[in-house]
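Below: one structure, written as structure tokens.
Laboratory data are not the source of any read-out in this text; all were calculated from the coordinates shown. As the structure is a prediction and not an experimental result, all values here were calculated from the model. So basically every Cβ, Gly included, is an ideal-geometry build from the backbone, and we count neighbours across all protein chains shown.
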Amino acid sequence: MINRNRTFGYVVILVVGGLLFVPSIILEKIDSFWGGLGAALGILAIVRLLQVARINKNKNYAKKWSTNNNDERIIHISTEARSRTFYFTVIIEGILIVLFTALNMMELVKVLICLITGQLMIYCFMFYALRSKY
Amino acid sequence: MDVKNIVLSNRLHVLRAEHKMTQKDLAEKVGVSRQTIISIEKGNYTPSLLLAYQIAKTFGKTIEEVFTFEE
């Protein structure tokens, strides 16, 4: 069964979504960007809450959901996918830096250099933190 | 000894047949998906030590009796 904290978290996200959506889209007091963000958060929270309700009512679905979420092969694949995503992201950013430099779009180059440096710093930090743990 | 040179094979298919157990039955007993059992049987996925232990325990065997390590 899904714990209550997670359900509470989804309710909070739903409320935040509503608080952004209503003043933006209905009252038109703030920028429509916030309304879009609120709608997205609201939809996400509703989908998750419906899933929680289904898990609590349907034992077979709950078992299937639990197996899929705790299956070590799925966790392994997910970790591998994240690792490769990071690897390819860094390569693509590197290529874009060279490309934008050639096109003399230096503002974008600066942003990309900051991004790639940040990513690599977080990676190094996580590597050393995890190395001391394991 | 280089760990990369060790090939892991298993007797899951044989043991399942001996115990008249389907992939789904075994998956439910050890708490993984059927696809995971299929991948382990085919040798596409190396299970964790804990899962290997659980599988071996299900058949009343030791890990070495289910999984064989060949150099």
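In summary, the protein assembly as shown shows an alpha-carbon radius of gyration equal to 1.47 times the 2.2 N^0.38 Å reference for compact globular proteins. Applying a DSSP loop filter and a limit of 13 other Cβ atoms within 10 Å to the trypsin sites (Lys or Arg not before Pro) in the stretch B:17-71 leaves B:LYS20. The mean count of C-beta atoms from other chains within 10 Å of the C-beta of residues in A:71-81, rounded to a whole number, is 4. Applying a DSSP loop filter and a limit of 15 other Cβ atoms within 10 Å to the GluC sites (Glu not before Pro) in the stretch A:1-92 leaves A:GLU28. Think of each Lys and Arg Cβ as +1 and each Asp and Glu Cβ as -1; about the Cα centre, that makes the dipole of the protein assembly as shown roughly 900 debye. Loop-located trypsin sites (Lys or Arg not before Pro) in the stretch A:1-92 (DSSP state not H, G, I, E or B) with no more than 11 neighbouring Cβ atoms inside 10 Å: A:LYS29. In the stretch A:53-134, Rg over Rh equals 1.23, where Rg is the alpha-carbon radius of gyration and Rh the Kirkwood radius from pairwise Cα distances. In the structure shown, the pairs A:LYS133/B:LYS24; B:LYS4/B:LYS29; A:LYS57/B:LYS29 are assessed against 27 Å; a Cα-Cα span above that value is assigned to A:LYS133/B:LYS24; B:LYS4/B:LYS29. At q = 0.14, 0.22, 0.26 Å⁻¹ the log10 of I(q)/I(0) for chain B amounts to -0.39, -0.94, -1.30, computed by Debye summation with a single uniform scatterer per C-alpha, solvent ignored.
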